[in-house]
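Read the structure below first, then the notes.
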Amino acid sequence: MKAWKHFKTITHHKILVMQGCFRVGLYWQGICHDLSKYSPVEFLRGCKYYQGFRSPNDAERREKGYSAAWLHHKGRNKHHPEYWTDFSKEPGEKIQAVEMPKRYVAEMFCDRIAACRIYNGDKYTNADPYDYYVRSIPHLLLHPETAALLEKMLLKLRDEGEDAAFRYIKEDVL
């Protein structure tokens, strides 16, 4: 039963992100979004740790101290800021955030909306993705330009609504 519920959740999420990507003209990204979630390393762990109200990666991380599914996922999906990190060329600094291409920031925006819609259900509001972002800031490693662009998109969503946010991305960002 958990396998079927997990499959439905990730597929619903994928469809929501695809719809968002299509709204801004990112057709190929929308189609390919999160395909790695159907790979054995991610899907089987997702089934095992499925809860329905948050990412299974959190439960795996709490049990093991890390999430093998997440380690696999972030290295294959360019809409995650963790994909865009590299060793710094500056002495004494270890890892740095690299500026994300705008097309992946737009996909990340769509991903955050979809995740909030999935996990918040009928209680979803356009403020949820921004609120989730603010709670995530302490542990996110984002390039300042990427952070500013994502925040602008999320604030536009929160303050002006979905149509305004997607119009901004399509006309002014991409």
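State yes or no: is Thr146 within 16 Å of the chain's Cα centre (by Cα), among the polar types (S, T, N, Q) and open to solvent by less than 30 Å² (accessible area, probe 1.4 Å)? When the stated conditions are applied, Thr146 passes them.
Beta carbons closer than 8 Å, at least 6 apart along the sequence or on distinct chains, pair a first residue in segment 127-138 that is of a type in the set (D, E, K, R) with a second that is part of a helix (DSSP H, G or I) and open to solvent by less than 30 Å² (accessible area, probe 1.4 Å) for Asp128/Cys116. For the criterion of being open to solvent by 80 Å² or more (accessible area, probe 1.4 Å), more than 18 Å from the chain's Cα centre (by Cα) and not hydrophobic (A, V, I, L, M, F, W, C), Lys170 passes. For Ala114, state whether it is under 22 Å from Thr9 (Cα atoms) and of a type in the set (A, V, I, L, M, F, W, C). Judged against the criteria, Ala114 is a match.
For segment 53-85, the tally of residues that are assigned to a loop (DSSP other than H, G, I, E, B), open to solvent by 40 Å² or more (accessible area, probe 1.4 Å) and under 17 Å from Leu142 (Cα atoms) stands at 2. Counting the residues of segment 8-52 that are open to solvent by less than 50 Å² (accessible area, probe 1.4 Å), aromatic (Phe, Trp, Tyr) and part of a helix (DSSP H, G or I) gives 1. Out of the residues in segment 103-129 meeting the condition of being within 14 Å of the chain's Cα centre (by Cα) and basic (Lys, Arg), tell me which one is least open to solvent (accessible area, probe 1.4 Å). Here the residue is Arg112. Does any residue of segment 115-125 turn out to be closer than 30 Å to Ser39 by Cα, of a type in the set (Asp, Glu), touching a helix residue (DSSP H, G or I) at 6+ places or on another chain (Cβ under 7 Å) and without any contact (Cβ under 8 Å) to a residue 60 or more places away in the chain? Checked against the condition, which is being closer than 30 Å to Ser39 by Cα, of a type in the set (Asp, Glu), touching a helix residue (DSSP H, G or I) at 6+ places or on another chain (Cβ under 7 Å) and without any contact (Cβ under 8 Å) to a residue 60 or more places away in the chain, segment 115-125 yields no hits at all.
The values are calculated or read from the model by the stated rules, or taken from the named source; none is laboratory data. Since we're looking at a predicted model, the values are computed, not measured. Positions of Cβ are generated from backbone atoms using ideal geometry, with glycine treated the same way; all protein chains shown enter the neighbour counts. In case anyone asks, the SASA skips ligands and DNA or RNA and just uses the protein heavy atoms, side chains included. Shrake-Rupley method; radii C 1.70, N 1.55, O 1.52, S 1.80 Å.
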